[in-house]
Amino acid sequence: MSYDPPPRLARPRQPAPPAVPPEPPRPARRPLREPLGHHSDLRVLRGAYRRQRRTATLTALGYFTLFLVLSACAPGVLTRTVADGIPAGLLLALLQLPVTWLAIGLYETTARRYVDPLADRIRRQTELDARRGAHR
């Protein structure tokens, strides 16, 4: 008497995994830097403009606010005579014009020294990126 093993149940076949598409070929030359849209120079430029505006505004408005606070809280200081019968309030009011000129000069100086070079550099990079994009 021979022993026959029980018949095996056929297992369903699993489908083959999908074929992986080949990677597209990489360009031979990559740009030295990312295009301007991904650059942090714009953030730096916005910060420079912000500092410039704050500095000039706080110079002019700070002096004017000081004058108003003295007028409201310490009128005795403004009525004191400074020189040859000129009250301190009049002298401080006349100084408002040179302080405004100072704020304008400060704005122009910081623009020339910090903001304009940043803007020029970004402008040149944008033109270079546009020319590179036109050749492709």
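The values are calculated or read from the model by the stated rules, or taken from the named source; none is laboratory data. No experiment lies behind these values; they were computed from the predicted model shown. For neighbour counting, all protein chains shown are included, and Cβ atoms are generated from backbone atoms with ideal geometry for every residue, glycine included. Please note that ligands, DNA and RNA were not included when accessible areas were found on the heavy atoms of the full protein model with its side chains. Shrake-Rupley method; radii C 1.70, N 1.55, O 1.52, S 1.80 Å.
The table that follows gives values for the structure above.
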{"read-out": "Carbon plus sulfur fraction of accessible area for the range 37-136, probe 1.4 Å, in percent", "value": "64 percent"}
{"read-out": "Simple spin-label estimate for ARG123 and ALA74 in nanometres, 7 Å along Cα-Cβ", "value": "4.6 nm"}
